[in-house]
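Before any comments, here is the structure.
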Amino acid sequence: MFNWLDRLENRRLLRLLLLFALGWIGVQLLHYFAYVLLIFLFSAILAFLLNYPVSWLKGYLPHGFAVTIVFLGTLALLLGLGITLGLAIIGQLQDLITNLPSQIDLWIDSLERMQQFLARWNLDINFQQLESELRNFALAGIQFGFGKLQSIFALFLSGIIVAVITFFMLLEGKRLWQYLLSFLPDPWRDRVPQALERNFLGFFSGRLLLSLFFGTATFIVLLVLRAPYALALGAIAGGLDLIPGIGSTMGIALVCLILLPKGIALSVQVLISCILLQQVEENILMPRVMRNSVNLNPVVLFFSLLVGATVAGIVGIFLAIPITGTIVSLLDLKALQASSEAVPKSSS
């Protein structure tokens, strides 16, 4: 008789136990400290991106002056975009939510016409349950929209906290980071920063760039096709595109569903255009933007998304992949990484 335990080497068993322990710790941290982790994660990403212009200015100015100039310039740019684009997007979203009941009525009329058409072919399909769900969706959408409008102050407060933490990370973050790394053994002092930079900072900065492209391109397409709420729908598509794996598909479906009462032809044109944009993003831009980022087997990637969503909701979705990628990189679990044939090669 073969004992499968005999096939497990002590080293491999230890790595599996360590992986399980790290996963359990990560789940607990996500569950109890999701908001704090998200605040510091956004701050770390901003500090990482702003460190490039700060490093350039340090060749001409002292460190404190370089940080202050870059921080104030970025803050002024973000405030300008928030006042112009942000207020315009909020206005269109509010108008869209206000008109949502009439949109639902148009959808229900379309379903009734479809039911009458199918009845001519002796296909008796009752859409009453679906019509009831659509009305409930309209009511929930109105309540959700006004609830979110009332939480703008909390979002503004979180933005202030992120800005303050980012400023001090630019000033003193390097010293604190070196102090924390000093507690690690020598082999891990280089591996941990590399794994975190590649899986966290590389992943989120890449996703931000891809989502910015998808949202902007969708907005341009909607403008060309003269679709209503172009800015708000472009923001919705770009925001959902931040969700790895299925975000862009969800954004396309939601945008086309919102535009469906405006005409089937318009909705189909938007659908085809957005699918083409999605192919450009995934097959041309993503291999170049994300080539030095997370390297996970697709099955592991979607499993981590489901676990993250179950544990911490929307926050868990954003944190699950970089956390899993960091653990896989640190423990060098090649079986959980994407195969070499699936990893895109960078063009020379």
Query raised in the report: Inside the range 72-91, can you point out the residues that are of a type in the set (Val, Ile, Thr), modelled with pLDDT under 85 and within 21 Å of Val164 (Cα to Cα)?
Result: Ile83
Report task. Scan the range 202-214 and give yes if some residue there is under 21 Å from the mean Cα position of the chain (by Cα) and within 23 Å of Gln94 (Cβ to Cβ), otherwise no. Result -> yes
Requested in this report: Answer yes or no as to whether Leu170 is without any contact (Cβ under 8 Å) to a residue 40 or more places away in the chain and in the same structural domain as Thr74 (by TED's automatic domain parsing).
Outcome: no
Query raised in the report: Scanning the range 301-316 for residues that are surrounded by fewer than 21 Cβ atoms within 10 Å (Cβ to Cβ) and modelled with pLDDT of 75 or more, which turns out nearest to Pro193 (Cα to Cα)?
Result: Leu301
Requested in this report: Only helices (runs of 4 or more DSSP H) wholly contained in the range 171-265 count here; list those with 1 or more residues that are loosely packed, with under 15 Cβ neighbours inside 10 Å and of a type in the set (D, E, K, R).
Outcome: 186-196
Report task. Return yes or no: is Ile314 of a type in the set (Val, Ile, Thr) and closer than 17 Å to Arg207 by Cα? Result -> yes
Report summary line: Of the conditions (1) touching a Lys or Arg at 6+ places or on another chain (Cβ under 8 Å); (2) under 22 Å from Leu50 (Cβ atoms), the single one that Gln194 does not satisfy is (1)
Query - Filtered residue count, the range 1-32, keeping only those that are surrounded by fewer than 14 Cβ atoms within 10 Å (Cβ to Cβ) and at pLDDT 70 or above - result: 10
Query raised in the report: Is it the case that some residue within the range 142-163 is modelled with pLDDT under 80 and either farther than 25 Å from Tyr35 by Cβ or not assigned by TED's automatic domain parsing to the domain that holds Ile69 (or both)?
Result: yes
Requested in this report: Answer with yes or no whether Leu285 is over 18 Å from the mean Cα position of the chain (by Cα) and in a helix (DSSP H, G or I).
Outcome: no
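The values are calculated or read from the model by the stated rules, or taken from the named source; none is laboratory data. Remember, predicted model here, so these are calculated numbers, not experimental data. Reconstructed Cβ throughout: ideal geometry from the backbone, glycine too, with neighbour counts over all protein chains shown.
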